[in-house]
1. Using mean projected area of the Cα convex hull in nm² as the read-out, say which of (i) 27.5; (ii) 30.2; (iii) 25.3 was calculated from these coordinates.
2. For n ≥ 4 DSSP H runs only, could you compute -39500 (n - 2.57) per run for the chain, divide by its residues and tell me the 222 nm figure to the nearest 500?
3. Sorted by average packing, counted as other Cβ atoms within 10 angstrom per residue and highest first, what order do 48-55, 179-186 take?
4. What net charge is computed for the residues neighbouring Ala465, neighbours being all others with C-beta under 14 Å from the C-beta of Ala465, Lys and Arg scored +1, Asp and Glu -1?
5. Mind pulling the angle between the C-alpha long axis of helix 263-280 and the longest principal axis of the chain? Nearest 10 degrees, somewhere in 0 to 90.
6. If you average the sequence gap of Cα pairs under 8 Å that are 6 or more apart and divide by the length of the chain, what percent do you get for the contact order?
7. Tell me the net charge near Ala231. Cut-off is 12 Å between Cβ atoms, Ala231 excluded, with +1 for each Lys or Arg and -1 for each Asp or Glu.
8. Summing Lys, Arg as +1 and Asp, Glu as -1, what charge do residues with Cβ under 12 Å from the Cβ of Asn498 carry, Asn498 excluded?
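Values quoted throughout were computed directly from the atomic coordinates according to the rules given, and no laboratory measurement underlies them. Keep in mind it's a predicted model, so treat the numbers as computed, not measured. Cβ sites come from the backbone with ideal geometry, for glycine too, and all protein chains shown count toward neighbours.
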Amino acid sequence: MNRRTAIKSLGAILPTLFLSKSFPLLANDNWGKAPFNPTWSSLENYKVPQWFRDAKFGIWAHWGPQCQPERGDWYARGMYQEGSDQYKYHVEKYGHPSKFGFKDVINQWKAEQWNPEELMDLYKRTGAQYFMTLANHHDNLDLYKSSHHRWNSLNFGPKKDIVGGWQKAARKRGLRFGVSVHAAHAWTWYETAQRSDKEGPYKGVSYDGKLTKEDGKGTWWEGYDPQELYAQNHELSKDSLNDHSVHEQWHWDVKTGVSVPTPEYCANFKDRTIELIDNYKPDVVYFDDTALPLWPVSNVGLEIAAHFYNKSIKDNKGKLEAVITGKILNEQQRKCMVWDIERGQSKRIEPEPWQTCTCIGSWHYDRRVYDRGNYKSAKTVIHMLVDVVSKNGNLLLSVPLRGDGSVDDKARKTVEGIADWMQVNSEGIIGSRPWHTFGEGPAIAHAPELHAQGFNEGRGKPLTAEDFRFTQKGKSLYAFIMGEPSTNQIKIQSLGTNSSKGLKIKKVELLGYKKSLAFKQEGDNLQVEWPQDIKKNEIAHVLKLS
């Protein structure tokens, strides 16, 4: 039996074998000669590239067909949860999910107002150094030209190459380019589409989650197989009718009763992702997964990671420029990729570069957030950015787009506010590194703990002018005053000679202000005289110390 035949015969039992610590992970014949193999021990040799450490700030278009209803995140799952807000909204707007499923929402998504060139000009003004686009979400629609997945945005919905359009606009403006990949979880995430109503006129009538190609005769989707989108021709996970069980089973731990994807499903996900990497050449791949996709029930996540790193080395003449982000990483895994914290921040300076991802509103567009005026302000975003950067992290910020691809006036106002501040103060952000302490002030004592993949933002005490954050670059130290001072003298304890690790300050400047500031460095603190002709800034002032 040759190698190929042997691997094929093992296909049906590979997921179980991968769970065994004694079973050696299979490797491609060429991997042994490459810098990285598809194993955690090999990926430990990864080093975060300089460009990502310098970048500090990125913009994300977390935008796809689930933005079309404008009813918030995880719509393609929630619309199949009888009695939920999104279910009620869907029935009223579109009809019953047995007759109008998410495939039909995709068909209505046209992205007719999407202008990536104009939007990228806006994002460029914020000082962002990289741009991220959704390549697919848990709804399983690829937003790029895919030869392995017919359910993509060139065949359905907009009939446009969304990833390609974003890539062209970002590269033209000198931004690094990233893609976020979420589709590995469609297998369990879409299980709600297998349900039916428990009461009412449609009681017992199945939703459209188990439709097949044969059911499409005479419909707009004739010739396409809905199972390639929904992937629901399988038994439900344990406690699948409990809407919260999907979170408990996110890790693909078979002990939780999660339905394990077939080898064919895993292989298809790998093929789609490899094609995305090879054809669109991203600098960053963001995985919305614990560690890597489908780990540990499949090895494909490790194979994708090794391929991406090796391709980057080859394409960049021996220099590794690729970044992968993953969530809930253990100590070993944080050496293999960049740790991403969702909607949250670390409490300390992390030894390895990391990233926090957040959104100024809902991950998928929610008209109610706009109507209530609940977007994050520019001040909130900048405070988060400064705090994250002071702790060796980057901030990836999603700006909500409507289903038609346009940015609304309130979201634009936040982005323009960020741009105004960054145009004056980005010197202390871009290319900086942490100092020996990230900051001081009353908010530190109230910093909240992380939960699961993050989710601690907004739980601590807000930063004020009594709080300071620090970064350094070259021979300069930057001290961020996190608000508008109310006194004529600023005192910073960490910059006193007793605490500053031998730092002797010779000059104090204020970014955006032409004159040097009077100061006195004593044992207990640095005292800076605050002139009255400084333009007020409610967000943050930045002192440059030489």
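1. Matching entry in (i) 27.5; (ii) 30.2; (iii) 25.3: (i).
2. After summing the helix terms and dividing by residue count, I get -7500 deg cm²/dmol.
3. 179-186, 48-55
4. 0
5. 50 degrees
6. Value for the chain: 16 percent.
7. -4
8. Neighbour charge sum, excluding Asn498 itself: -1.
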